[in-house]
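Step one of this worksheet: look at the structure below.
All of the numbers you see were taken from the coordinates with simple rules; none came from a lab. This structure is a prediction, so every number in the text was calculated from the model and none was measured. Please note: Cβ atoms are built from the backbone with ideal geometry, for glycine as well, and neighbour counts cover all protein chains shown.
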Amino acid sequence: MAKKPAANSFSPRNDQNTLIRLVLRGALLGLLAVGACYVFLLVYDLPTHNRQQREAATQQLTEAQVALVNDWVAHYRSRLKAAATDLPLLAGASDAANLARFAFPEAQSLALVPLGPLGIAGLDTAKAGLRNNIEMDMVRRASGGELADPEVYKIDDQLVVGFAQAQMAAGETRASGALLVRLPAALLSERLQQHLGNRGQSELLQKNSGQRAVLTVGSGGSGAGVVGDLAVASWQLRVSPTLAWSEGLEQQSLPLYLALAFSLVGILLGALITAREFRIALERNVAALVGGTATDLPGFAALRERLAQRKSAPAAASADATPPPAAAPAAVPAVAVEEVVEAPVALPATIFRAYDIRGVAQHQLTPEIVRQIGLAIGSEAVDRGQQTVVVARDGRDSSPTIADALIQGLRDSGRDVVDIGLAPTPLLYFATHQLGTQTGVMVTGSHNPPQYNGLKMVIAGRTLSGRAIQGLKERIERRQFSSGKGSYRTAEIAETYVDYIVNDVAIAQPLKVVVDAGNGVTGIVAPRLFEALGCEVIPLFCDVDGRFPNHHPDPTVAANLRDLVRAVQEQGADLGIAFDGDGDRLGIVTATGAIVAADRLLMLLAQDVVARNPGADVLFDVKCTRALNNVVAAFGGRPIMWKSGHSFMKEKMQETGALLGGEYSGHIFFNERWFGFDDGMYAAARLIEILSTTDPDLDNHLAGLPGGIATPEIQVEVGEAEKFALVTRIASECQFGDGKVTTLDGIRVDFADGWGLVRASNTGPVLTLRFEGDDEAALARVQQLFRDQLGAIDPRLASGF
């Protein structure tokens, strides 16, 4: 009869049962810990988090609505002040009413109130055109020099917002008249509703009306809401979100219950699998221990050595004893490791430029070169913590092939790709913000001839330029790539882009515009955008054709705008708008056919931005007129000159926080109400906003701007390899007398009555020059000085100007 093992004797079965009990006990403790955490989340943390999230979202919504009202009031106060300054408001000015209606075409009505020697005392309200005591009080406060708050009240059963502004003749301290404008309250309601959507209700509270709501926008608000103070002392705004919107912000408990269930199941399965694997390992190691072979569980190797020592002790006394041969360890099967090695490619050094990558398609930008560039961009994105890359392309015939190779390289680096397809460059930048990627690559040759193509890149919100672009070249040469297999999906962004601008830009009266896309990719978006803004649009060359059969897509060259000038004049349009091949630059033509230089357009935009944002920085490149300094400074802004090039400008915009920037080449950057990137279509929309809310005649606006006589940009061909060396020689050898020399980007020399510039182009084998003078004589003198000095360096440089 077999002897029963003692209770403390070794048994694999006993040991494995003990092990299973220990594992299950640990699993039970893990379950209790997980359960306690989830109870805490459900009972305390989740309700607290949801309440805080609702309160924060409601506060943000309220602040945004308050900002809209404040901006709206500031806009009309500014216009009213300007109108009261310009209008002949004194008694007997027969055309004053017409002028006032022209200044405020959107007004429901207006009143021109001449004030006598006693001011408003004894004023006949009927003769003055005042309708009630509210208007009398507004005029009284305005005429006394106070900043009269607007009022909301009814006129003929229509709700209006009234503004009053006094007029004082030059050198006088007493108001000679006042202008009272009654605006439909619907103008403010529509602005609030566009932003509010279906998220709740906004109520404008007027303190002098018993703190009651005088204007209500939206519906379905729940609870007391959040009350925000406004720039108008007598107003407050109460925003009440809808219950559906508030509940939509909450983190639901069902996912937590599911997560708890999965956690419990996972812990149990993990415990059972662990127990099974330990049992198998225990049996294997016990067998190995008995057989004297290698073990792998902790402690068994030391136990095996002790048993071996005990077995060898008696055998050591016998010289004839020989130990049994040790069992050979089991062979470990070899694992094949595949190493991906990218074959080197010959890189044309000239394609890596200051602002972007650019070259001749299928010759310098072959599919394999572009794929390796994609690998480099994707690997750089890895180093900057970026996973997803947005890709878009222009309408050139070579762009689909280049985009495919780029996407392949990005995915081979492990990056996920969102392809928005055929789209202008601004939509690529817009998509990086809307899709939350902050990284994107645009396949475009911009304004270059059809055989060229290139890549514009932004990684982690930073546009690549200069040293960063050279870093991509060096990464390819070193084969320093990450690897993986990224995903791919498509997305449509144009509709979101159009809706965003329509909700941002306010058009008071429709304009008639001619849009010349030059057969570039803006043809698929620009006409739709301006029609959505309410303009009458006449499209010109808006069918996308990468051969550009009608004219070159560069709006800075006057010859390319001949068709647009003719169309504007023939159609009687208010404005002509031209875009380059990918839509990040624009050109403007007035109703009379005058071509507007981009630096003069920037003056007009700067007046609008700085007037609302005193102290704001305005950025412009070295090719722009120095009159910009005076305009920006006169409105209380800070002018900043910087290097030419869209990449350099965007970097400086981010560094300074400038609200507006622009280049003579037509790149316009808005950081006010926009994202800081160059966008020709958005810039045109902001110009239309200014014209529609003031004077639609752009020629009138331009006539009031300062400036001398300037040349267009002049290009002198010198060769790619020598252009920078020539600029270095000019800086060191040329003498410009009493001129102030700036070497920020090339050599710019400012004199008391003019200035001149020579710099190496970053996009072609040329030197670019530009000159400006207060009059013809000053311009001729500056040009002759440059002609003499540059001609001494190289006779070629003295021709063409």
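What order do you get for D774, D229 when you list them from fewest to most C-beta neighbours inside 10 Å?
Exposure proxy ranking, most exposed first: D229, D774.
Report the label-to-label distance for A752 and I690 in nanometres (one decimal), using points 7 Å from each Cα along the Cα→Cβ vector.
3.2
Calculate, for I709 and T216, the FRET efficiency according to 1/(1 + (r/R0)^6) with r their C-beta to C-beta distance and R0 60 Å; round to the nearest 0.05.
For R0 = 60 Å, the calculated efficiency reads 0.60.
Taking 0.36 nm per intervening residue step and subtracting the Cα-Cα distance, what contour gain separates Q654 from R638 on full extension?
Length gained between Q654 and R638: 4.2 nm.
Could you work out how far apart the two model spin labels at L32 and E190 are, taking each label as a point 7 Å from the Cα in the direction of the beta carbon, and quote it in nm?
6.8
Roughly how many nanometres apart are two label points built 7 Å out from the Cα toward the Cβ at V557 and R489?
In this crude label model, V557 to R489 measures out at 4.2 nm.
What net charge do the residues around K740 carry, taking every other residue with its C-beta under 13 Å from that of K740, with Lys and Arg at +1 and Asp and Glu at -1?
Result for the neighbourhood of K740: -1.
Counting other beta carbons within 10 Å of each residue's own, what order do C734, C542 fall into, fewest first?
C734, C542
If each residue of separation counts as 0.36 nm, what is the full-extension length gain between R673 and D499 once their alpha-carbon separation is subtracted?
61.2 nm
So, R0 is 25 Å and r is the distance between the beta-carbons of D229 and E531; what FRET efficiency does that work out to, to 0.05?
The calculated FRET efficiency here is 0.05.
At 4 °C and 1.567 mPa s, grab the translational diffusion coefficient of segment 612-658 from Stokes-Einstein with a Kirkwood Rh over Cα pairs, rounded to a whole number in µm² per second.
Using the Kirkwood radius from Cα pairs, D works out to 119 µm²/s.
Compute the FRET efficiency between S799 and A349 as 1/(1 + (r/R0)^6), taking r as their Cβ-Cβ distance and R0 = 25 Å, and round to the nearest 0.05.
0.25
So what does log10 I(q)/I(0) come out to for segment 709-798 at q = 0.11 Å⁻¹, using the Debye formula with one equal point on every Cα and no solvent?
Log10 I(q)/I(0), no solvent term: -0.27.
Normalized C-alpha radius of gyration of segment 503-703, against 2.2 N^0.38 Å?
So the Cα radius of gyration is 0.95 times the expected 2.2 N^0.38 Å.
Would you mind working out the magnitude of the charge dipole of segment 350-492 relative to its Cα centre, with +1 at each Lys and Arg C-beta and -1 at each Asp and Glu C-beta, to the nearest 20 Debye?
Dipole about the Cα centre, nearest 20: 320 debye.
Within a 10 angstrom radius of the beta carbon, how do K723, K81 rank from fewest other beta carbons to most?
Lowest to highest Cβ neighbour count: K81, K723.
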